[in-house]
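Comments concern the structure below.
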Amino acid sequence: MPIIKTEKLTKIYRQGAVEVVALSEVDIQISHGDFAVVAGPSGSGKTTFLNLLGALDKPTSGKIWLDEQEITALSRTDRSSLRRNHIGFVFQFYNLIPVLTAYENAEFVLLLQGVDQVQRRKKVLDLLSIVGLSGLEDRYPHELSGGQQQRVAIARALASEPALVLADEPTANLDTKTGQELLDLMQQLNSDINITFLFSSHDPEVMERARRLIILRDGRVVEDRIK
Amino acid sequence: MIVKLAARNLRRYLRRTLLTLTGIAFGTALAMIAIGLGDGTHDMMIRNGLQLGQGHITIQPEGYLQSPSAGLFLKETSGLLKIISSEPEVALSYPRVRGEGILSSASGGEGISFMGIDPGIEGEGELVLRSMDSGEFLDGPEGNWIVIGKKLAELLSLKVGRKTVLTVQDSQGQITSTLLRVKGIFHSGSPEIDRIYTLIPIKTVQKTLAMGNGVTSIAVYLKENRETKTVLKKLRSSISSEKIAVLPWQKIQPSLRDFVVLDDAFGYLYYLIILIIVSIGVLNTVLMSVMDRKREIGILMAVGMRPGSVLRMILAETCLIALLGTASGLIIGYGFHYYFATHGLDLSSFVGEFSLAGTVLDPVYYSSLRPARIIQIFTVIILTTITMGIYPAFKAARTEPVEAMEKP
């Protein structure tokens, strides 16, 4: 049973009278435990694809199933709940909440889920330890380096124990060494906890490490191979 | 969590928060000062007006208001005074005889209004006589004395101790005169009052008007003006005679009532202008804050915050600003109010005493704020500020995470 399945997934942006086809009839299945990358040149539809899979955006047509639940017809509030409980996000620009500390950023989703304080504390401290940020819990995002911020973002993405983590160009803003460290971390989480990771990237290092490579061009899947 | 986020957002944008807080605090303080001075001026106008007039409530013969005449008077007052004094809200009550006549001297005659009083119970302190320029105040209910205003004394060339003749129509409709001697000359602050207003011992007036022990009215003074309606209702119920009218000061002094209502309307207009200015400031700040944080709001929603929670977060920010701003404004405003309530706002270098709508206004204005007024200001400004946060909050809740998080 795939964790993600799409059927004729299409997204068309309208800019005045002009229509831009970002994705066109994409049919794909992602299995549980995959460590896959969606690659392609700029404008190929990678980010759009991840946004649709993460219920951040709605397709123009086509359908998406997450663990057999069709998510394309969900309301805004239901999509919020879905993101909160089933999907973790790691963004290119970290996207941490600037007024919250590293601890509070990682804790945020658990607060939204209503997890009690004792459990929250244990979990957040464990996660920050896993991502190598023990001792930096009280730092605000602007007091952390780019790599450290991305680690906080990974901790936040994992806090809700999601079935799927979507990472949109997670290494694009990091130096090579930090990028590699983060990929090591995500690979380890994938093998240890069997979290499904789906990246969008054109970083050769990410493509090299992925077990599955999906290449998009002009909104269409032009290559899909398991390495 | 929502309140925590809201508080931190406010702290993070400290300069903007402080500017908004200052705006709300300034508006609140300004409203308190304006309302305090406005209410204080009203109190002064009503107090002075009622001292010149007939108290908060006037008990007089039915029909006297429409057609004042010495033929209409209350023959028996002890029973009425007993009923009046049984009301706990009543401070004082005075039987009075009022009327109009002509006061003559060797220099001529002037139409005047006289009031027969019993100085034993009604001292000069309760009447609006700013000071006795010369002579003394009345010292008893009897005696052929008259206290006149400064202007009248000038017009009739009267001085203390001089004789003057009062000509009136008595209760039988006969024209009658009585010889009086000037006991004192007062100064009220109003040339109009100083020209027309005179005081005579009550028994002398009763004798002149041939009304026995009758009085034309009983002036009832209450501890608080706002009790007028309540006491009026109770007295009307207790004095259930068709021949006796129980009237509030608003009926007796309609010009004063109209002025107070008009001035109140202008006060509310001023209050509204302050509210509009504060509202625009708050709306602008909160809206700008939401637009500036579009990306952050997008992130919150991307990781699973519901639109409703975003809405509550923005409203919580507005509530916090409103509470802090209004509380600061109340403290500042109360400081000004306290100063003006104790020292007054002295405008004597701009304006002297003057009369308006049948009352006298001092050049020193005192602030008066009842707790209900403070609660009203607090509530109105808080609610207005929060209302101003609703549109930005809905705008924030409608944020689409994908659009909001577009590459910076």
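I'd like to verify a number: residues in segment A:1-22 that are in a strand (DSSP E or B) and more than 17 Å from residue A:65 (Cα to Cα), how many? Of the residues in that region, 9 qualify. Comparison of A:39, A:55 shows that the only residue that is touching a His at 6+ places or on another chain (Cβ under 7 Å) and in contact (Cβ under 8 Å) with a residue 24 or more places away in the chain is A:39.
One line per residue, one yes/no per condition, for (1) assigned by TED's automatic domain parsing to the domain that holds residue B:220; (2) open to solvent by 30 Å² or more (accessible area, probe 1.4 Å); (3) acidic (Asp, Glu):
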residue	(1), (2), (3)
B:284	no, yes, no
B:296	no, no, yes
B:299	no, no, no
B:309	no, no, no
B:312	no, yes, no
B:325	no, no, no
B:337	no, no, no
B:343	no, yes, no
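With a requirement of 3 or more residues that are open to solvent by 60 Å² or more (accessible area, probe 1.4 Å) and farther than 30 Å from residue B:179 by Cβ, the helices (runs of 4 or more DSSP H) lying completely within segment B:197-282 that satisfy it span B:228-238.
If the condition is being more than 9 Å from every other protein chain (Cβ to nearest Cβ), part of a loop (DSSP other than H, G, I, E, B) and within 19 Å of residue B:4 (Cα to Cα), then segment A:85-133 contributes A:101, A:114, A:115, A:116. One residue stands out among those in segment B:9-29 that are within 10 Å of chain A (Cβ to nearest Cβ) and in contact with an Asp or Glu (Cβ under 9 Å, 6 or more places away or on another chain): the one that is surrounded by the fewest Cβ atoms within 10 Å (Cβ to Cβ), which is B:13. Starting from segment B:141-152, take each residue that is over 18 Å from residue B:177 (Cβ atoms) and list its partners that are open to solvent by 10 Å² or more (accessible area, probe 1.4 Å) and β-branched (Val, Ile, Thr), counting only C-beta distances under 6 angstrom and pairs at least six apart or across chains. Taking only residues 6 or more apart or on different chains, the pairs are B:141/B:202; B:150/B:185. If residue B:381 passes every condition in (1) buried (at least 22 other Cβ atoms within 10 Å of the Cβ); (2) closer than 28 Å to residue A:90 by Cα; (3) more than 14 Å from chain A (Cβ to nearest Cβ) but one, which one does it miss? The failed condition is (2). Here is the figure for segment A:141-150: residues that are within 14 Å of chain B (Cβ to nearest Cβ) and either open to solvent by 50 Å² or more (accessible area, probe 1.4 Å) or β-branched (Val, Ile, Thr) (or both) total 2. Which one of these is in contact with a Gly (Cβ under 6 Å, 6 or more places away or on another chain) and not aliphatic (A, V, I, L, M): A:162, A:170, A:141? Going through A:162, A:170, A:141 in turn, the sole match is A:162.
Of the residues A:42, A:24, A:31, the single one that is within 19 Å of residue A:224 (Cα to Cα), away from chain B (no Cβ under 13 Å), open to solvent by 50 Å² or more (accessible area, probe 1.4 Å) and among the hydroxyl-bearing types (Ser, Thr, Tyr) is A:31.
The values are calculated or read from the model by the stated rules, or taken from the named source; none is laboratory data. Since the model is a prediction, treat every value here as computed from it, not as a measurement. Here Cβ is always computed from backbone atoms with ideal geometry, including for glycine, and neighbour counts include all displayed protein chains. Accessible surface is based on the protein model in full, side chains and every heavy atom, while ligands, DNA and RNA are left aside. Shrake-Rupley method; radii C 1.70, N 1.55, O 1.52, S 1.80 Å.
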